[in-house]
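Here's the structure, in structure tokens; my notes come after.
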Amino acid sequence: MRSQNSARTRPHRDSEQANRSAQPIDAPEIREMGAPINGEPQYSTRRLFLQLQVFTGCAQPHELIESLKASSLEVVLYHDLNDPKGVGLLFITEDADTLVTETRRILTSEPFNALHPKPEFTMVGRTYASGREPDLEDWLLVKPRRNTLNPDLSWAIWYPLRRKPEFYRLPPQEQGKILMEHAMIGRAYVEAGYAHDIRLACFGLDARDNDFVIGLMGTTLHPLSHLVGEMRKSQQTAQYLESLGPFFVGKVCWQSPCDIV
């Protein structure tokens, strides 16, 4: 008798499941969103991808520079502060495919193929918006170029970070409060002209499962180091960071020409 009752109710349950599966599911919003203008939000499907590749074994960089000049890539070549034969290459592109086509072609050809990679310093990320940016296109596409390709900003510090899982379980309001404290420290250095920053998301892109890549640029090195020290005092860094670094510190050797002011 129990088996017959189950058989009679099963079609009804199957019908309910079919109705639920037939209900439309809203597609996730993957566009970048900025602050509203005249009540209308800004949206963009464009963003930049930046990748840092680090090498050792470079005694003279002039051959590297000539090769980069002949390419169509936007790139910065750094001297590695911590390795007398080290260099870093920062590639900037709107098309992620470039990082596995043209970039790969250059790095596996002369003179780069004679260098020795330091993959522990490889960093990659994408520009992103928080929803509060007044000029979304500038934030996603222009500011990163303006900072990295600015000949006046000759020093740079690049590093990845990963937050603790506990941070993402905090209420949004509490997250915002913690992030605002951190951001205000950086803003003071920017407004004083001591540093310029770039923040990139690298969820699912980073081999070590980092969340973000941070770039700091300035005319001299000391203020950048000072800023990193001040950031250690924020609640985000002191309480909610799982890991920080490694740090790549470089001085610009050559940059692609850029007319962005």
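None of the figures in this text is laboratory data; all of them are computed from the coordinates on show. What you are looking at is a predicted structure, and each value in this text was computed from that prediction instead of being measured. Ideal geometry is used to build each Cβ from the backbone, glycine not excepted, and the neighbour counts take in all protein chains shown.
Under 15 Å from a label point set 7 Å out along the Cα-to-Cβ vector of His182, the amide N atoms of the range 150-168 belong to 159-168.
If you plug the beta carbon distance of Ala192 and Met33 into 1/(1 + (r/R0)^6) with R0 = 35 Å, you get a FRET efficiency near 0.75. Once each of the GluC sites (Glu not before Pro) sitting in a DSSP loop with at most 16 other beta-carbon atoms within 10 Å is removed, the chain keeps 95-261 as its longest stretch.
I need Phe91, Phe112 ordered by Cβ neighbour count within 10 Å, fewest first. Write down the numbers at each step before the final one.
On the way: Phe91 23, Phe112 20.
Fewest-to-most ranking of Phe91, Phe112: Phe112, Phe91.
The lysine pair count for the range 47-255, using Cα distances under 26 Å and pairs eight or more places apart or on different chains, is 12. Could you tell me which of rounded, prolate or oblate describes the chain, using a ≥ b ≥ c as the square roots of the eigenvalues of the alpha-carbon gyration tensor, with rounded for a/c under 1.5 and, failing that, prolate when a/b is larger than b/c and oblate otherwise? Prolate is the answer for the chain, as a/c is 1.5 or above and a/b outweighs b/c. Summary value for the range 47-255: 29 percent relative contact order, contacts being C-alpha pairs under 8 angstrom separated by 6+ residues. Between Gly131, Gly215, Gly88, the residue with the greatest mean-square fluctuation in the GNM of the chain (Cα pairs under 10 Å linked by springs) is Gly131.
Multiplying the residue separation of His116 and Lys85 by 0.36 nm and subtracting their alpha-carbon distance yields 10.1 nm. Based on the Cβ-Cβ distance from Tyr168 to Ile65, what FRET efficiency comes out when R0 is 30 Å, to the nearest 0.05? Step by step, r from the Cβ atoms, then E = 0.10. Here the 3J(HN,Hα) profile of the range 220-232, calculated from phi with Karplus coefficients 6.51, -1.76 and 1.60 at θ = phi - 60°, is 9, 7, 4, x, 5, 5, 4, 5, 4, x, 5, 4, 4 Hz, Gly and Pro shown as x. Can you give me the angle between helix 2-22 and the longest principal axis of the chain, using Cα atoms only, in degrees from 0 to 90, rounded to the nearest 10? Around 40 degrees separate the two axes. Each label was represented as a point 7 Å from its Cα along the Cα-to-Cβ direction; for Phe203 and Leu73 these points are 2.8 nm apart. The distance between label points at Glu242 and Ala96 comes to 2.0 nm (points 7 Å beyond Cα on the Cα→Cβ vector). Sorted ascending by nearby beta carbons within 10 Å, beginning with the fewest, Thr237, Thr127 become Thr237, Thr127.
Shown for Asp80, Asp97: other C-beta atoms within 10 Å of each C-beta, ranked fewest to most, produce the order Asp97, Asp80.
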